[in-house]
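Trainee: Got a structure for you, written out below as structure tokens; questions coming shortly.
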Amino acid sequence: MMKKRKLGIIGGSGLYKMDGFEKIKWKKVNTPWGKPSDEVLIAKLDKEELCFIPRHGRGHKISPTNINFRANIDALKQLGVTDIISVSAVGSLKENLEPGKFVIIDQFIDRTFARNKTFFDDEIVAHVSMAKPTSPSLSDCCEAALKKLNIKNQRGGTYIVMEGPQFSTLAESNLYRSWNADVIGMTNMPEAKLAREAEIRYSTVAMVTDYDCWHPEHEEVDVSIVIQTLLKNASNAQNMIKEVIKTFKDYSIENDPANNCLDVAIITDPKLRSKKIIKKLKNIAGRVLK
């Protein structure tokens, strides 16, 4: 039986709330992994319910390294979210990806090193595939929405995730360009990995704010430059989300890589799983740990 589909949005820099929705309420959600970044905004548009979480908290209080990614994903899963669109501010590593352009990501390079990256780090070991880290159907839906709104976009791109919170050195920026990465940011890992472990379909729409520091004709990135673009991007992102919520159920999710991916991921002998850990993983993996 197909689970009822529900859209979750994780909002990055500049996107801390959702305007133009009905029946808005902020809900406190507790998780076995601690507190999420903020309360979860629950809102409706044309009878479709949506859950939204500001990744850095309202007012932007949480540094990328300190985001409780596990709690955020667990909270959304508890609320019935089956599909996540992650909206993220990024720097560009390519000449043709100018500030204001949106990139629908299909690959990641994870360079973070100070974060909890799995739900399965105690008693139960699981290895999910990340070969195709994003959902093709959600990406199709986002692309159609951006086209309809005439928002400049590129379908497909590699997002390199750095630890931060400092921006790159010039040598690092040039190294990532030599790897043919498209954009750079600080937040989509381990978020994408944890969404996969939770069997939630995941798509990233990366909003370019600046040219990182490699571009000889642009100033080095600073926060004031980024904020100007962020505000414009946030309004475009909200319009995109309104389009997506109307149409995301029209796209087939039949062969999505997140579907039931835990069926072939857990390697630990069932006899060695304690009740305590099964309870802790109930929201994330209850389907397979019964």
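Computed from the coordinates by the stated procedures, all read-outs in this text should not be read as laboratory data. Computed from a prediction, not measured in an experiment: that's the story for all the values here. Every residue, glycine among them, receives a Cβ derived from its backbone with ideal geometry; neighbour counts consider all protein chains shown.
Trainee: Distance between Cα centroids, segment 189-220 to segment 122-155: provide it in whole Å.
Mentor: 12
Trainee: How big, in percent, is the set of alpha carbon pairs in the chain lying more than 23 Å apart? Spell out each step's value before the answer.
Mentor: Details: 21843 of 41905 pairs.
For the chain, the fraction of Cα-Cα distances above 23 Å is 52 percent.
Trainee: Report the convex hull volume per residue for segment 42-82, counting only C-alpha atoms, in Å³.
Mentor: Taking only Cα atoms, segment 42-82 has a hull volume of 74 Å³ per residue.
Trainee: Moving on. Can you list residues whose amide H is under 5 Å from PHE21's amide H, if they're 5+ apart or on another chain and H is modeled 1.01 Å from N?
Mentor: none
Trainee: Compute the Rg to Rh ratio over segment 242-290 from the alpha carbon atoms, using the Kirkwood formula for Rh, and round to two decimal places.
Mentor: That ratio is 1.17, to two decimals.
Trainee: Further, regarding this structure: Taking the Cα centre as origin and putting +1 on Lys and Arg beta-carbons and -1 on Asp and Glu beta-carbons, what dipole magnitude results for the chain, to the nearest 20 debye?
Mentor: 1660
Trainee: Fewest Cβ neighbours within 10 Å first, please rank VAL161, VAL264 accordingly.
Mentor: In increasing order of surrounding Cβ atoms, one gets VAL264, VAL161.
Trainee: Then there is this: Ranked by Cβ crowding within 10 angstrom, fewest neighbours first, how are LEU149, LEU170 ordered?
Mentor: Result, fewest neighbours first: LEU170, LEU149.
Trainee: If amide H atoms are built 1.01 Å from N in the plane of the peptide, which residues on other chains or at least 5 residues away come under 5 Å of the amide H of LYS101?
Mentor: Placed amide hydrogens put VAL208 under 5 Å from LYS101.
Trainee: Among SER88, SER135, SER274, whose mean-square fluctuation peaks in a Gaussian network model of the chain (Cα, cutoff 10 Å)?
Mentor: Of SER88, SER135, SER274, the Gaussian network model singles out SER274 as fluctuating most.
Trainee: Same structure again: Among GLY164, ILE278, ILE109, which residue has its Cα furthest toward the positive end of the charge dipole of segment 86-285, with +1 on Lys/Arg Cβ and -1 on Asp/Glu Cβ?
Mentor: ILE278
Trainee: Kindly state, to the nearest 0.05, the FRET efficiency for LYS28 paired with GLU95, given R0 = 51 Å and r defined as their beta-carbon distance.
Mentor: Working: r = 45 Å, r/R0 = 0.88.
The calculated FRET efficiency here is 0.70.
Trainee: In the Gaussian network model of the chain, springs joining C-alpha atoms below 10 Å, which of TRP33, TRP214, TRP179 carries the largest mean-square fluctuation?
Mentor: Checking each option, the largest mean-square fluctuation is seen for TRP179.
Trainee: Using the number of other C-beta atoms within 10 angstrom as an exposure proxy, rank LYS246, LYS280 with the fewest first.
Mentor: Ranking LYS246, LYS280 by Cβ neighbours within 10 Å, fewest first, gives LYS246, LYS280.
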